[in-house]
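Below is one structure; the comments refer to it alone.
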């Protein structure tokens, strides 16, 4: 076990190093931008994985935290000077707001059953979308506004490295988080909430902690997203963002952390190429249809996702006898 | 006074449309614990297919029948393809029905084009009556009447027929009904198809009411229907009617007096109900 862990870590560091060197080797602007986008959505999808994959709760309101981060950064950079200091401060402000809101919303809604929770988060997130559309003096509504990014990030490459750094830090922090005793309790909640409760854990508290962590990380992703576009409008708060996170997590593999990163890569790349195919045949303009179908098939036949399936096959090969003990639908089982 | 009556009629008409959507949802949930996030997609398909049929045949009756048929067929496909494989697993149900919702609304854009479509009011129902100072728009009254007729028919079926008895018993305790030798899954399929038909009916009635139809309207309306189901109590048919009227009236009065709060009021209603009475205002009783 120890040796595979080491091999995994070495592979991981090689990949990170390769990605860090990438912009110095290639000067393709498209790729730098596309990869930046992938990293940002990886952070978002990982935060969603904490909820869906580790705690086993389905939230349809994740976009609101993403949007909070995006608006906090955009508004502060627009109203004050576009400096690094303000940028860092705005990320912190976004995270605080997201943390407080996710705490309050979690406290109110997490005691409900999964259906109600999903609906209520959808409703609350809808509320924030309406708020952003109506509060035009602050957000400029659906038209959005452009703002100046700090000088330092004018260079796409610097920004690429910053986002990559954030992704690596977030990945290791979350890895540490899910491997901690607290993370283990979250997994216990996912596997069997009743039993966790009867072991004396106040599961509501743990679920609230998970939702706060997920909200704060999603807000970071939102801040990075806003600066990468230098533009923000209400689309950051729409259901589409939640759906993207959901698709990436499911397709990559729930409850794996590395899965959502791979899912983000697959979906962003596919989106890039499929929408490029729109010239060939108009059906590719509706590329999201393919994702919907792939997603439905994944939920039915492939509930472990890409990473989960590989891990399962690997595990099966190593432990051929104990097959009877395999949890059937790990991650999504309830 | 005439303002009050107008707001009342507006609210009732909207409430009836939401009721038609929520009625199916609440029975589907009550019977099988399935929350169908794709319900809004069935609603939008009803609206688009109905408007298209109305354009082709020029008969609103045919459009309504066509829309309901579309809904029922889609309901059959949804139940067989989407709900059955993940039966009993809540998280997967939520995820998969939401995925199907995306497919349904994107398919709409592929079939009918991505733009909004205009929907005409049939000439017989266009215009309004003036009684004293009060102007009553005919079409809104028509929606209200249809809503009450549907409620009456379903209440009759639920209370007076064998299948209604099975459905009511299934909502209360499905294991017991199964133990008595009734194939509850078969019953559920029929209930699902009926619910889908009602959603489609709501869609086609909605089209001339709002004037334009677009693919995203499914989701917008479905959220209102979810709120109604929560407020009314999952599985309660009369509860969903009352809650729908409540939401409709709250929406129309708020839109006039405090427009900024018109959407928030429903969410607040739902939050209050969920916190203080999580089972809803009405519980499903025989």
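Using only Cα atoms, locate the centre of the stretch B:206-259 and the centre of the stretch B:90-130, then give the distance between them in Å, rounded to an integer.
After rounding, the separation between the Cα centres reads 15 Å.
Kindly rank B:225-238, B:205-218 from highest to lowest mean number of other beta carbons found within 10 Å of each residue.
Result, highest mean Cβ count within 10 Å first: B:225-238, B:205-218.
State, to one decimal in nm², a quarter of the convex hull surface area for the C-alpha atoms of chain B, i.e. the direction-averaged projected area.
In nm², the orientation-averaged hull projection of chain B is 15.4.
Which whole-number percent of Cα pairs in the stretch A:27-251 have a distance greater than 27 Å?
31 percent
Evaluate the relative contact order of the stretch A:200-302 (contact order divided by residue number), counting alpha-carbon pairs under 8 angstrom at least 6 apart; express in whole percent.
Reported as a whole number, the value is 16 percent.
Could you give the C-alpha radius of gyration of the protein assembly as shown expressed as a fraction of 2.2 N^0.38 Å, taking N as the number of residues it contains?
Compactness ratio reported: 1.00.
For helix B:184-210, what angle does its Cα long axis make with the longest principal axis of chain B, in degrees from 0 to 90 and rounded to 10?
10 degrees
Could you let me know the centre-to-centre spacing of the stretch B:24-50 and the stretch A:204-228, using Cα atoms, in angstrom?
Taking the Cα centre of the stretch A:204-228 as reference, the centre of the stretch B:24-50 is 32 Å away.
Averaging sequence separations of C-alpha pairs under 8 Å and six or more residues apart, then dividing by the length of the stretch B:69-194, give the relative contact order as a whole percent.
27 percent
Please give the calculated 222 nm ellipticity per residue for chain A, where each DSSP H segment of at least 4 residues contributes -39500 (n - 2.57) and the sum is spread over every residue; nearest 500 deg cm²/dmol?
That calculation yields -24500 deg cm²/dmol at 222 nm.
Relative to the longest principal axis of the C-alpha atoms of chain B, give the angle of the C-alpha long axis of helix B:39-57, reported between 0 and 90° and rounded to the nearest 10°.
Computed tilt is about 50 degrees.
Can you give the FRET efficiency to the nearest 0.05 for residue A:113 and residue A:137, using r as the Cβ-Cβ distance and R₀ = 35 Å?
0.35
I'd like to compare B:66-74, A:139-147, A:35-43, B:249-257: which one has the highest average count of other Cβ atoms within 10 Å, and what's the full order after that?
Sorting B:66-74, A:139-147, A:35-43, B:249-257 by mean packing, highest first, produces A:35-43, B:66-74, B:249-257, A:139-147.
Alpha carbon centre of the stretch A:28-58 versus the stretch A:157-183: separation in Å?
11 Å
Counting partner chain Cβ atoms within 10 Å of every residue's Cβ in B:223-230, what's the average?
3
In what order do A:205, A:281, B:39, A:115 fall by count of nearby beta-carbon atoms within 10 Å, going from fewest to most?
Lowest count first: A:281, A:205, A:115, B:39.
Residues of A:109-115, mean number of Cβ from any other protein chain within 10 Å of their own Cβ, rounded to a whole number?
Mean number of neighbouring Cβ atoms from other chains: 5.
Using Cα pairs under 8 angstrom and six or more residues apart, how large is the relative contact order of chain B, in percent?
37 percent
To the nearest whole number, what is the average tally of beta carbon atoms from other chains within 10 Å of the beta carbons of peptide B:215-222?
Going residue by residue through B:215-222 and averaging, the value is 1.
Quick one: angle between helix B:162-172 and the longest Cα principal axis of chain B, in degrees between 0 and 90, rounded to 10, please.
Relative to chain B, helix B:162-172 is tipped by roughly 80 degrees.
Fewest to most neighbouring Cβ within 10 Å: what's the order for A:257, A:104?
Least to most surrounded, the residues fall as A:104, A:257.
Laboratory data are not the source of any read-out in this text; all were calculated from the coordinates shown. Source: prediction; values computed, not measured. All Cβ positions, even for glycine, are placed from backbone atoms using ideal geometry, and neighbour counts span all protein chains on display.
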